[in-house]
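J.: Okay, handing you the structure first.
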Amino acid sequence: MEAKGLFNVAKKEFIGHLTSKKFIVILGLFLIISALAMHQGTDNYNERLESYKEQISQIKEVEGHVGWMPDKPSIMLVFMFMSDYIMMLGAILAIAMGFDLLSKEKETRSLKSLLSCPVFRDEIINGKALGGTLALVFAMGTALLISLAILLIFSIVPSMNELAAILVFGIVSIVFLLAYFAIALMMSTVSRDSGSALIYTLVIFFILGSLLPIVGSTVAGMVTGEPPEPPAFHLQHETNESEGTFFYGGGTEEEMQQYQEELRAWSEKRKPITEVFNLISPNMNYQKIAFFISDPRIYSAVYEQSSPSSKSMTITTIVGESSAPSLQEVLGKVWKNILALISFSVVFFAIAYIKFMRMDIR
Amino acid sequence: METKTIKTENLTKVYNGNKAVDGLNLEIAEDDVFGFLGPNGAGKSTTILMLVGMIEPTEGKCIINDIEVARNPLKVKEIIGYLPEDVGFYGDMTAEQNLDYFARFYAMDASERKKRIEELLELVQLASVSQKVGGYSRGMTQRLGLAKALLNDPEVLFLDEPTANLDPEGVFQYRELIKQLSDEGKTIFVSSHILSEVSKVCNTIGIISKGTLIARGTLEELKSELGRVGAENLRIIVETIEPIPEITHRDIVNAEYSETKRKAIIEAKSDLRDYISSKLFEKGVKIKEMRMEEPTLEDVFLSVYRR
C-alpha cells in the first residue's frame, strides 16, 4: 500500500480538525472544565494529605505502635475528577470530530473529486482515522499537560510511579475517546447525511453510556432477586469522612456469618451479569479503569465485592492490607476492560472500513 | 492502424437487478473529442464512473491506453482527468488549497504544483478570487472542477455535463478550451444530454439510451442514419395567395390549416411536394411558398429516445 496517499489524507484531516471551529470550541470547553476539575481534585488531594499528616502525627504520639499505618494519598486522585469530564465532554468532542467525516464529503461531493485522484480507498478511510486519532491525542495531550502544570502550580510534584500512572491514564482516555470517534466515523460512513449520522451516534452514546449499565443492573436484579435480609436486629450506621461507613448493632455471631455468606453468594451470582453489561459499555469500562488507576487500593476491594451493601465490610477488609497494588497489578485486574475498550474502536472502525470500501460512489 | 485510447467491452452495470449499462461496446480513437449523448438516466454517468475507476462493472471491462481500469485503477487515474457532474470541493479551503491537496496525490513536487495551480487558476479565471470555495457560485465551482480535471495534464479527459452550471461566457470559454486541448492531442470524452453542446465541440457522437449504445458516428453520419430510422413524418409547409382546398392522399398523416386557409402544415409519410403543387395548380391556387421541413437532429434524437 502506498503511504503517500495515507499521509496526505491524514495531514489534511489533522489540520482540518485543529482549525475547525467546532473542534476549537469543544476542545476549549473541555480544557477549561478539565482544569476546573483538576483544581477541584487538587483541593481534595490537599485535604486528604492534611488528614494523613494528622493521622501520622497522632500515631507517632502512641509509644510502641506496631499496627495499621494510613496510606499517603496518591495524586492520581486528582485525575479521578478529570475522568468524569472526559466521559462526557471528551466523548462529545470525539463524536463531533467523527460524525461528518465521510457524510459531509458525500454531501458536498468532494469525495468524488478525491476519489478521482490516484489514491486507494483504504488510504482515504485510514488517513481519516489517523488524522482524527492524532487530533484526539493532541487534545488529550494538551489536557494532561495543563493538568500537570496545575499540579506544579500547587507545588505537587509527581513521583516516577505517579507519572507512569498519569501516562497510562492518558492512553486509556485516548482509547476511550477513540471508541466514540470510531462509532461516529462508522455512522458517518453508513448514514445518508451528517444530520442522521449525528443523531444515530448520539443515540448509541446514550445507549452505551447510560442505558446499558441501568439495563445490566435491572437484569441482574431480575435474575438474582432482592439482596438477603440482614439478621433481625436494629442496624445503625455512622459515617466518618476519613474512615468511611461503619455498621453496628445487635445480633448473634452465627446469624451475622450466615447473612454474610448469603450476601456473598448473591453478589457472586449478580457480578457476571453486571460485568457483561458493563463490558459492552465504553463508559463503564473507562470508569472502572480510571478508578483503578486513580485509587487502586479502594477500588480493587470495592469491585471485588461489587455489592453496595457490603461496602462497610469491604473497607474493613482493606484497612488491614499493607500497601496499594502496583500499576502492573492494577492493569492485570482491568485487562478485560482495556481489551473491551480497544475492541470498540476496532469493531466500529472495521465496519466503517468495509462499508466504505464497498460503497458505490454515484 | 488507428489507436484506440478508450475501449469498453460488453460493459454492464446492474443496480438492484436493473441494468444501468447493458453490454456497452465503445471504441474512441486517440485525439478524438467524443460526445456521449443521452437523456437523463440513460447510463452516461454510470459509464463514466466505470471508465474512471470509481465503480466496478458487473460484467465486461474498460480499457484506457491499454490499461484495464478495474485491474489498475490508480495507474489509470494518473493519466486521466475527470470532471464529475455537480463537482464538489472542500468549502473551508481556497481554490489554491483545494488544488494543492489533490495535486499531492500525483507525482508533482512543490514547485511544480505551485506553477501548475497558478496556470490553471489563470486559465479558468479564478486566479484573482481569494475567498474560500464554500462561497463560490455553481459556475465558479464548475470552473474550478475543470481546473482540477486538468491538474495532472491528463492524456484522456472525461467531462460529465461540463456546461451544466456555466453562464454563456463560461460556456464560450469552455468550448475554446476544448478546442485548445484537442489541438494538443488529448482525447476528450464529453457526456451530456444537451445535443447543441455536444454538436459544437465533438467530432464523433455516441447515443446511449436505456444503457445501450443505439448510434455512433460523426454528426452528419448520425443525422442521415437516424433520419432514416427516427423521423417517420415529413412536414410540408405551404403558403398560397388563394385559400387552400382540402388535399387528400394516403401518405398524408395530418394537415393543419390557418384561419384564412392560406397556410397549411402537412405531415406526410413521403415527399408530396409534386403532388400538392399539381393539385393546387389544377384548382388555380397560386403558390406563394412551399418547403419541406427536415427533422432537426434534436427531433430525430427525441423520436429515437421515445421509441
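J.: Give me the net charge of B:I265's neighbourhood, meaning all other residues with Cβ under 9 Å from the Cβ of B:I265; Lys, Arg count +1, Asp, Glu -1. Intermediate values should be presented prior to the final figure.
T.: Details: positive: B:R235, B:K263; negative: B:E256, B:E267, B:E293.
Value of the local net charge: -1.
J.: Would you please put B:120-130, B:247-257 in order of how densely packed they are, using the mean number of other Cβ atoms within 10 angstrom per residue and starting with the highest?
T.: Values: B:120-130: 16.3, B:247-257: 13.3.
Going from most to least packed, we get B:120-130, B:247-257.
J.: Show that you can apply the helix-only estimate: for chain B, add -39,500 (n - 2.57) for every DSSP H stretch of four or more residues, divide by all residues, and state [θ] at 222 nm to the nearest 500. Don't skip to the end; give the middle numbers.
T.: Working: 10 runs with 105 residues, N = 307.
Mean residue ellipticity at 222 nm (helix-derived): -10000 deg cm²/dmol.
J.: Further question: List the aspartates and glutamates whose Cα lies under 16 Å from the Cα of B:K279, skipping any in the same chain that are fewer than 8 positions away.
T.: B:E239, B:E242, B:E246, B:D251, B:D271, B:E289
J.: Ignore the peptide's own chain and count Cβ atoms of other chains within 10 Å of each Cβ in B:73-80; give me the average, rounded.
T.: Values: counts 5, 6, 1, 1, 5, 2, 1, 2.
What the average comes to for B:73-80 is 3.
J.: Report, as an integer, the average count of C-beta atoms from other chains found within 10 Å of each Cβ along B:47-55. Mind showing how you got there, number by number?
T.: Details: counts 0, 0, 6, 0, 0, 3, 3, 7, 5.
Mean shielding count: 3.
J.: Rank-order B:278-287, A:83-92 by packing density, defined as the average count of other C-beta atoms within 10 Å over each peptide's residues, highest first. Walk me through the numbers before you get to the answer.
T.: Numbers: B:278-287: 13.0, A:83-92: 20.2.
Ranking, from highest mean packing down: A:83-92, B:278-287.
J.: For region A:347-356, in order, what is each residue's ³J(HN,Hα) by Karplus, 6.51 cos²θ - 1.76 cosθ + 1.60 with θ = phi - 60°, in whole Hz (x at glycine and Pro)?
T.: Going residue by residue, I get 5, 5, 5, 4, 5, 4, 5, 5, 4, 5 Hz, with x marking Gly and Pro.
J.: At a 10 Å Cβ-Cβ cut-off, how would you order A:E253, B:E242, fewest neighbours first? Walk me through the numbers on the way to the answer.
T.: Details: A:E253 7, B:E242 14.
Listing A:E253, B:E242 from fewest to most nearby Cβ atoms yields A:E253, B:E242.
J.: For region A:144-192, what is Rg from Cα atoms divided by 2.2 N^0.38 Å, rounded to two decimals? Show your work: numbers first, answer last.
T.: Numbers: Rg = 16.4 Å, N = 49, 2.2 N^0.38 = 9.7 Å.
In units of the globular-protein estimate, region A:144-192 measures up at 1.70.
J.: Under 5 Å between amide H atoms, partner at least 5 residues away or on a different chain: which partners does B:V253 have, H built in plane at 1.01 Å?
T.: B:E267, B:A268, B:K269
J.: Each residue of region A:41-49 in order: what ³J(HN,Hα) in whole Hz does its phi give by Karplus 6.51 cos²θ - 1.76 cosθ + 1.60, θ = phi - 60°, with x for Gly and Pro?
T.: In residue order, the calculated couplings are x, 5, 4, 4, 4, 4, 4, 5, 5 Hz.
J.: With only alpha-carbon atoms in the gyration tensor, what are the semi-axes of the equivalent ellipsoid for the protein assembly as shown, in Å, largest first? Present the calculation step by step, with values, prior to reporting the outcome.
T.: Numbers: eigenvalues 1219, 162, 83 Å².
Value: 78, 28, 20 Å, ordered largest first.
J.: Return the long-range amide H neighbours of B:L213 (sequence gap of 5 or more, or a different chain), with a cut-off of under 5 Å between placed amide H atoms.
T.: Excluding prolines and chain starts, which carry no amide H, the hits are B:N25.
J.: Test of understanding: what is the full-extension gain from A:E107 to A:L18, defined as 0.36 nm times their sequence separation minus their Cα-Cα distance?
T.: Values: separation 89, 0.36 × 89 = 32.04 nm, distance 2.17 nm.
Extra length available between A:E107 and A:L18 comes to 29.9 nm.
J.: List every residue whose amide H lies under 5 Å from the amide H of B:M93, counting only residues 5 or more places away in sequence or on a different chain, with H placed 1.01 Å from N in the peptide plane.
T.: B:V133, B:G134
J.: Here is a further query. Less than 21 Å apart at the alpha-carbon level, and either on another chain or at least 8 residues along: which lysines does that give for A:K53?
T.: Within the straight-line limit of under 21 Å, A:K53 reaches these lysines: A:K72.
J.: Give A:K128/B:K75; B:K44/B:K148; A:K104/B:K13; A:K4/A:K106; B:K223/B:K286; A:K333/A:K355 a once-over and call out the pairs whose C-alpha atoms are over 32 Å from each other.
T.: Details: A:K128/B:K75 23 Å; B:K44/B:K148 21 Å; A:K104/B:K13 27 Å; A:K4/A:K106 23 Å; B:K223/B:K286 34 Å; A:K333/A:K355 35 Å.
With Cα atoms farther than 32 Å apart: B:K223/B:K286; A:K333/A:K355.
J.: What is the packing order of peptides B:109-116, B:71-78, taking the mean over residues of other C-beta atoms within 10 Å and listing the highest first? Don't skip to the answer; put the middle values down first.
T.: Details: B:109-116: 12.6, B:71-78: 17.4.
Ranked from most to least packed, the peptides come out as B:71-78, B:109-116.
J.: How do A:I183, A:I166 line up, fewest other C-beta atoms within 10 Å first? It would help to have the intermediate numbers written out before the result.
T.: Details: A:I183 28, A:I166 20.
Result, fewest neighbours first: A:I166, A:I183.
J.: Convert each backbone phi in region B:34-42 into a coupling constant with the Karplus relation 6.51 cos²θ - 1.76 cosθ + 1.60 (shift: θ = phi - 60°), then list the ³J(HN,Hα) values in order as whole Hz, x for Gly and Pro.
T.: 9, x, 9, 10, x, x, 4, x, 6
J.: Further, regarding this structure: Looking at the protein assembly as shown only, what percent of DSSP beta bridges run antiparallel? Nearest 5 please. If you can, show how the numbers build up before the last one.
T.: Numbers: 44 of 62 bridges.
Expressed as a percentage, antiparallel bridges in the protein assembly as shown total about 70.
J.: Between rounded, prolate and oblate, where does region B:79-202 land on the alpha carbon gyration tensor, with a ≥ b ≥ c its root eigenvalues, rounded for a/c under 1.5, else prolate if a/b exceeds b/c?
T.: Working: a/c = 1.85, a/b = 1.28, b/c = 1.44.
The shape class here is oblate.
J.: Just counting partner chain Cβ atoms within 10 Å, what average do the residues of peptide A:113-125 show around their Cβ?
T.: Numbers: counts 14, 6, 9, 17, 13, 13, 7, 2, 1, 0, 1, 0, 0.
Neighbouring Cβ atoms belonging to other protein chains average 6 per residue here.
J.: To the nearest Å, what is the center-to-center distance of region B:122-191 and region A:154-221, using C-alpha atoms only?
T.: 45
J.: If you don't mind, another one. To the nearest Å, what is the center-to-center distance of region A:26-47 and region A:66-127, using C-alpha atoms only?
T.: Here the answer is 20 Å between Cα centres.
Any read-out appearing in this document is the output of simple, stated calculations on the displayed coordinates, not a laboratory observation. Note that this is a predicted model, so its numbers are computed, not measured. We place every Cβ from the backbone using ideal geometry, glycine too, and count neighbours over all the protein chains shown.
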